[in-house]
Each structure stands twice: as structure tokens, then as C-alpha cells.
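*Asks:* I'd like to ask some things about the structure below.
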Amino acid sequence: MKDTFDLVVSLQDSFDWAVTPCLAEFEPLSPAPPPLEIGQLTLSYFLASTWFYCELAATDEVLAPGQIQLDPLWPSQSSEDVWTTSFPSFRPAEITVIYDDPEHPFESNYSRVRIGQQQLNFIEAMDVDDEVAKKEVEMHERIARATNLGPGVRTSRLYGVVRNARDQLLGLLLYSIEKDKRLSFALGPDTPNALKDRWARQIRDTVAALHEAGIVWGDVKRDDVLIDVHGDAWIVDFGGGRTEGWVDADTAGTVDGAIGRISEFIASGGGFNLTNVRVGSVGAWLIDSEAAKPQ
């Protein structure tokens, strides 16, 4: 553990050493600081449309930054390429970031946001118009249309999407849930059997309801199960893919395939050893949707 800590400190020192000579060059390009009053910091301060970068060189052992160059993050697209959704769309400037420390607002976790009085979770897409994010939105459209998936079915629920001025997808807005912790942290050797049975039953019931609606929770793993403050289990992440070890290829897409490894993990009290599980295909990158619609 000490070696790992020393490595992290050493890396941080290296970053500081490399960045310090560049700060004077980048400072004039930085945006004006936002107002410090609570409620005036928006997502637009965090979702930049352009990267500034430069190469660091050294002459006679003296570090010197090279010329700063710009790299646009939002490529242009033709009108026929515009992606559409039935969910409402919002610009970053319309979304307020919730933060607690007005002295260091940019150090805030900008996943906690609100629109008006509605508190939400923002899940940033891996890339502009990311296909995994689009698939998650499409799955949420199916969840919203399903007649059997009422508030009692504990899954993440989509409120809307965030798009830039070119209507490109930047991320998802999900209803917040009173999350206590992830299953991997809530579960332990001392977890009562009654509580483990409750979580396993709730997950099975939710997955069964989704399958009845023709919706597959494909990328199953312990970190995609959240335990709320009431001790109930929610399932999240509908971006697709399959994480190695958690779903076998021959049972993927079935109820048993979706909950089999999770059930074993719960029954073991978190001592489930994935090294003994047959490895499946390569999983996809996942959106960490830590939000769901309240009951």
C-alpha cells in the first residue's frame, strides 16, 4: 500500500513539474472565473468546446513550453447527421452545477446538477455523439414507453439530454436517487441473510419486468447495482456491452444470465471470486448512471 501511495505522490509531483512552466502561457486563454454565488455555476464552464495544448521541451535542462495549439472537440456535422430523441434537450448554460465550496467551484463534482428546482445527475458521454450514450438514451425511451415499468421498478430513469449548439449529444440527465452506496461496498461477510435475499429478489424482479417489456440489462456487474438509503436495490446502466466475467456468452440476454453472477456475488457476501468465472467477450465502455427516478 505504501509503494502505491508513493507512486501516486511521485506521479503528482511529475505532473506539477511538467505543468508549472506552461501556466503563464495558458493563463491568458482561460475563461473568466464564474460568479461565486451558489446557483450561478453552469455546465458550460465544464464542457469546453476546445482543447488547448502544447508540447513541453527543454533547453540546457530548462523547461520551456512550445507554441499553444487549439483542438476543437465538437466537429462539424451536416444537418442529416443530427441525432434525435423524444426526451427534452438542454444546453449546458441552462443547467446549474450544485457545489458546496464557493471558494473552489471548479473542484466540484459536476455530476450533481439541477434545472429549476429539479435535482439531477449529469452523466457525461465519453465523446461527443458517443454511440454508447445514444444507445442508453434509446433504451430509456423504451423504458419510458413500457406500460409495466412503473415507479416501483427500480431502474435509472432519464430526465433529458444535454446537447451543444450543433445538437450533438454531450451527456445524459438522470433523476437523482437517494443513493447510499454501490452493492460492492454495501455487501460484506456480516450482511444479514434476510437483506441479501431481499436484494437478490429485488434485482430478479426488476430484471424480469424489464425482460417482459423486451428490454435487456446486458452489461451486468456489481457496480451497476445501487443500494439506496432505504436499503433497496436499483439497477442502472443500459449502455450495452458485456463486462468480462459477469455474463456468459451462452446466457447473455436472459434473466438467468443477467442475475446469475450477481446472485452468487450477493450470496457469497461479496467474496465471489471472478478468477473462477469463465471469461466472456470484451465488454464495452460504460456510462456510470448513478441516478434513478424517485418513487
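The values are calculated or read from the model by the stated rules, or taken from the named source; none is laboratory data. Values in this document were obtained by computation on a predicted structure and should not be read as measured data. Methodologically, a virtual Cβ is constructed for each residue, glycine included, from the backbone with ideal geometry; neighbour enumeration extends over all protein chains shown. Each accessible area value is taken on the protein alone, full model and side chains, heavy atoms only, with ligands, DNA and RNA left out. Shrake-Rupley method; radii C 1.70, N 1.55, O 1.52, S 1.80 Å.
*Asks:* Among DSSP bridges having both ends in region 90-211, what percentage is antiparallel? Round to the nearest 5.
*Replies:* If we restrict to bridges inside region 90-211, about 95 percent are antiparallel.
*Asks:* Using a 1.4 angstrom probe on the protein heavy atoms only, could you order F106, F46, F15, F265 from most to least accessible area?
*Replies:* F15, F106, F46, F265
*Asks:* What distance in nm separates the simple spin-label points at D232 and F26, each placed 7 Å from Cα in the Cβ direction?
*Replies:* It is 4.4 nm.
*Asks:* With a/c under 1.5 counting as rounded, go ahead and sort region 70-217 into rounded, prolate or oblate using the C-alpha gyration tensor (a ≥ b ≥ c being the square roots of the eigenvalues; past the cut-off, prolate if a/b is larger than b/c, else oblate).
*Replies:* Oblate is the answer for region 70-217, as a/c is 1.5 or above yet b/c matches or exceeds a/b.
*Asks:* I would also like to ask the following. Of all the accessible heavy-atom surface of region 46-180, with the other protein chains kept in place and a 1.4 Å probe, what percent is carbon and sulfur?
*Replies:* So the carbon and sulfur contribution to the accessible surface is 47 percent.
*Asks:* What full-extension length gain, to one decimal in nm, is calculated for A208 and D127 as 0.36 nm per residue of separation minus the Cα-Cα distance?
*Replies:* 26.0 nm
*Asks:* Can you pull the accessible area of D60 for me, 1.4 Å probe, Å² to the nearest 10?
*Replies:* 140
*Asks:* Then there's this: Taking a probe of 1.4 angstrom, what is the accessible area of C22 in Å², to the nearest 10?
*Replies:* 10
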